Amino acid sequence: MTAHAYDDYRDNKIESGLLYQDFIVDLMLQVLRFPVTTYSSRLYQTTVGEGPCGVEIKHDEKYATTKRLWIEVAEKARPRDGDYAPSGICRDDNSWLYIIGNYDVVFVFSKVLLRAYHDTGRYPVRENNTRTSKGFLLPDRIAWSSAARVLTPNAEQKIARAVGDLHAAGRLLHAVACANPAQGSLFPMDEQQ
């Protein structure tokens, strides 16, 4: 993968993760009446944790097809030689809950339990295909039996439809802006985009 292609891939994954994080914040409040707040800045996330309530949120886009959860233990921002930084359940921060899943199934784990699974070595740590993450695969049956809570919002299709609608609305707004000469002077746009 070229550097430019990887940057596009990474930007897509970041946006996908942020969308999932927002979904979880709403889900936790609506279903469990547990307000999850997250930090946005890199400074707070690296010095304190993901948020003041100590919740790490991970979107596992492959869970629906693999029926295994990728439990991250280390990461790199880019594929490169050199060491990984502790991440996920191995990061030394204020996290005590680890929420992972997709829009249909959400698992809420104790971080301590996932660390115990890691420390036993029962699930071997491996590197992902992009060489940016290390973790282990937690089998579905273990996830269902050991999670503190499992929520089943079954929202995958609704989210896909909403994102598609947002893209369509963006294209329509762009076309309207390009058709209005006065608008073009405010926001220079290339109609080829």
List the pair-distance distribution P(r) of the range 1-142, using every Cα-Cα distance, as the percent of pairs falling in each 5 Å bin from 0 up to the bin containing the longest distance, rounded to whole percents. 2, 9, 18, 23, 23, 16, 7, 2, 0
The range 16-82 - percent relative contact order, Cα under 8 Å, separation 6 or more: 25
If each residue's Cβ is checked for other Cβ atoms within 10 Å, how do L151, L32, L43 rank with the fewest at the top? L43, L32, L151
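Quick one: order Y98, Y123 by neighbouring beta-carbon count within 10 Å, fewest to most.
Going from sparsest to densest Cβ surroundings: Y123, Y98.
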Within the range 104-135, list the trypsin sites (Lys or Arg not before Pro) lying in a DSSP loop whose Cβ has at most 12 other Cβ atoms in a 10 Å radius. R122
Which of F34, F136 has the fewest Cβ neighbours within 10 Å, and the rest in rising order: F34, F136
Amide H of K58 versus every other amide H placed in the peptide plane: which residues, excluding those fewer than 5 positions away on the same chain, fall under 5 Å? I99, I100, G101
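Since every read-out is calculated from the coordinates, none of them should be taken as a lab result. Computed from a predicted model, the values in this text were never measured in an experiment. Note that each Cβ is placed from the backbone with ideal geometry, even for glycine, and that neighbours are counted across all protein chains shown.
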